[in-house]
Amino acid sequence: MLNFTVGPVMTSDSVREIGAEQVPYFRTPEFSKIMFENEELIKKFAKAEQNARVCFLTGSGTSSMEAAVINIFTNQDKVLVVDGGSFGHRFVEMLEIYDIPYTVIKPEFGHGVTQEQLSQYDGCGYTGFLINLDEASIGVLYDIKLISDFCKKNDIFLVVDSISSFLCDPFSMAELDVQVMIVGSQKALACPPGVSLLVLSEKAVKKVYDNNPKTMYLDLKLALKNGERGQTPFTPAVGILLQINQRAKEIDAAGGVDMEIARIRSLAGYFRKQMKENNLPFHIISESLSNAVTPLTPTNGKSAYDYFTLLKDQYGIWICPNGGELRDKVFRVGHIGALEESDFDCLVDAFIDVEKKQLL
Ligand SMILES: *Cc1c(COP(=O)(O)O)cnc(C)c1O
């Protein structure tokens with residue numbers, strides 16, 4: 001299997017070996033030590049301030065998105081939310097469920113948020129901003145500097161879903177004044193799905209302690225309190241946390257987050273160049289690409305979804321299909337996980353083979 005989806009992705013052998021071992025009991029000093037290491041390494045990669053804290057949740061990325069919304073905001077807030085694709089829309093649905101007042105910013109398809117779009121909300125009393133830094137459903141990376149400047153100017157609490165941009169695109173939580181950053185285990189962390197985490201600034205930690213959301217499992221006060229001793233309130237996905245530890249230490253040893261970003265950027269560039277040189281019949285739909293993924297639409301009238309099925313069934317290669325309205329229009333090629341240039345050669349060869357044999 002060769003997997004170019006955007007998660008779960010290919011996992012390195014060293015991380016997979018941990019998955020084959022017995023899962024240890026976790027209320028121990030040994031496991032607490034692992035969790036403290038995880039917290040420090042994630043903070044380092046996020047370029048967070050020293051007093052920042054990390055909450056590890058057992059649940060996919062969406063659980064941490066929901067935890068952020070209900071632990072940070074209340075119905076006294078007024079939130080701006082960017083609805084640029086299915087992940088942005090998920091935030092909108094959460095604000096709706098929890099009766100938090102909000103206004104939607106809708107970018108033009110394939111484009112980021114513009115200065116003009118933001119300026120109209122200057123001085124309008126907004127208190128929160130929710131954004132998915134890489135709207136991975138259509139591969140659009142937003143201009144975080146622009147958004148950060150707007151939030152700083154208006155004293156707005158900035159919450160960023162970095163699930164598919166963490167380790168892929170440059171980011172500094174402290175410099176950008178981001179208060180909450182959300183990450184998932186199955187994207188560029190390249191571990192199995194099941195754990196997500198929130199990095200909270202000192203201001204965000206305070207806000208969490210001041211809020212009383214109606215939830216038990218997602219109450220971050222419990223996570224923060226238990227985290228002080230390197231523990232979680234409930235049984236976590238212990239095995240995945242051990243795998244995250246292995247992976248984080250490997251990234252650190254290989255030069256840290258900047259090296260990992262450079263590695264993924266280089267793979268993305270390599271694939272995009274090969275695609276062009278071989279005249280593959282696809283067009284990139286995003287005007288603002290992330291390093292994590294290349295979103296493509298076939299230019300030969302064929303269905304994007306048929307490419308996904310054909311490559312999966314006949315080549316053992318997985319690209320990432322889209323759903324809903326974009327099912328036949330868009331597929332995505334991910335650049336995250338344990339992949340190398342030679343893997344992208346295989347993918348490009350498969351696309352060439354499909355054309356040559358006219359399999360579609
Ligand atoms: C993958 C992803 C998510 C999380 O989805 P889950 O299926 O809940 O893990 C959220 N936001 C973005 C931008 C993502 O890429």
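The values are calculated or read from the model by the stated rules, or taken from the named source; none is laboratory data. Worth saying up front: this structure is predicted, and the values here are computed from it rather than measured. Methodologically, a virtual Cβ is constructed for each residue, glycine included, from the backbone with ideal geometry; neighbour enumeration extends over all protein chains shown. Just so you know, the surface numbers come from the protein's heavy atoms only, side chains and all, with ligands and any DNA or RNA stripped out. Shrake-Rupley method; radii C 1.70, N 1.55, O 1.52, S 1.80 Å.
Here the Karplus relation 6.51 cos²θ - 1.76 cosθ + 1.60, evaluated at θ = phi - 60°, turns the backbone of the stretch 168-184 into coupling constants of 10, 10, x, 6, 9, 4, 5, 5, 7, 6, 7, 8, 9, 10, 10, 9, x Hz, with x for every Gly and Pro. Cα centroids of the stretch 78-149 and the stretch 186-231: 22 Å apart. For the stretch 35-47, the Karplus equation 6.51 cos²θ - 1.76 cosθ + 1.60, evaluated at θ = phi - 60°, returns couplings of 5, 5, 4, 4, 4, 5, 5, 5, 4, 4, 5, 7, 6 Hz by residue, with Gly and Pro reported as x. Contact order, relative form, for the chain: 25 percent (alpha carbon pairs under 8 Å, 6 or more residues apart, mean separation divided by residue count).
Were the residues from Glu250 through Ser172 laid out at 0.36 nm apart, the gain over their Cα-Cα distance would be 26.0 nm.
Scanning residues 5 or more positions from Phe157 or on other chains, those with amide H under 5 Å from its amide H are Gly128, Phe129, with H placed 1.01 Å from N in the peptide plane. Solvent-accessible area per residue in the stretch 307-360 equals 47 Å², computed with a 1.4 angstrom probe and all protein chains kept.
Solvent-accessible area of the stretch 252-360 (1.4 angstrom probe, protein heavy atoms only): carbon and sulfur portion equals 47 percent. Calculated mean residue ellipticity, 222 nm, the chain: -12500 deg cm²/dmol, from DSSP H runs (n ≥ 4) at -39500 (n - 2.57) each, averaged per residue and rounded to 500. Within the shell of other residues whose beta carbon sits under 11 angstrom from the beta carbon of Val180, the net charge comes to +2, with Lys and Arg scored +1 and Asp and Glu -1.
Here the stretch 27-70 exposes an accessible surface that is 57 percent carbon and sulfur, computed with a 1.4 Å probe and the other protein chains kept in place.
Between Ser342 and Glu49, the FRET efficiency from the beta-carbon distance, with R0 = 41 Å, is close to 0.55. Applied to the stretch 124-135, the Karplus parametrisation 6.51 cos²θ - 1.76 cosθ + 1.60 on θ = phi - 60° returns per-residue 3J(HN,Hα) values of 9, x, 6, 10, x, 9, 10, 8, 9, 3, 10, 6 Hz, with x for Gly and Pro.
Considering only Cα-Cα distances, which of the following residue pairs are longer than 25 Å: Lys43/Lys78; Lys33/Lys214; Lys78/Lys225; Lys47/Lys225? The answer is Lys43/Lys78; Lys33/Lys214; Lys78/Lys225. Pairs exceeding 22 Å between alpha-carbon atoms, taken from Lys44/Lys249; Lys249/Lys273; Lys276/Lys357; Lys145/Lys207; Lys276/Lys356; Lys145/Lys203: Lys249/Lys273; Lys145/Lys207.
Extending 7 Å from Cα along the Cβ direction at Glu287 and again at Lys206 yields two label points whose distance is 4.0 nm.
Within the same chain, lysines fewer than 8 places from Lys329 are excluded, and of the rest, those with a Cα less than 16 Å from its Cα are Lys302. Per residue, the stretch 168-282 exposes 41 Å² of solvent-accessible protein surface, assessed with a 1.4 angstrom probe and all protein chains in place.
The Asp77 and Glu17 beta-carbon pair, evaluated with R₀ = 45 Å, returns a calculated FRET efficiency of approximately 0.50.
When the convex hull of its Cα atoms is viewed from all sides, the stretch 220-277 shows a mean projected area of 6.2 nm².
Of the residues Gln243, Ser266, Gly256, the one whose Cα sits farthest towards the positive end of the charge dipole of the stretch 235-274 is Ser266 (charges of +1 on Lys and Arg Cβ, -1 on Asp and Glu Cβ, taken about the Cα centre). Spacing of the modelled spin labels on Glu108 and Leu360, each 7 Å from Cα toward Cβ, amounts to 2.7 nm. By the Stokes-Einstein formula, at 1.306 mPa s and 10 °C, the chain with its Kirkwood radius over alpha-carbon pairs has D equal to 76 µm²/s. Based on protein heavy atoms only, the stretch 23-103 ends up with 43 Å² per residue of surface accessible to a 1.4 Å probe. How large a share of the accessible area of the stretch 131-196, in percent, is made up of carbon and sulfur atoms when the probe is 1.4 Å and the other protein chains stay in place? On the stretch 131-196, the fraction of accessible area on carbon and sulfur atoms equals 53 percent.
Here the calculated FRET efficiency for Tyr25 and Met259, from their Cβ-Cβ distance with R0 = 41 Å, stands at 0.75, rounded to the nearest 0.05.
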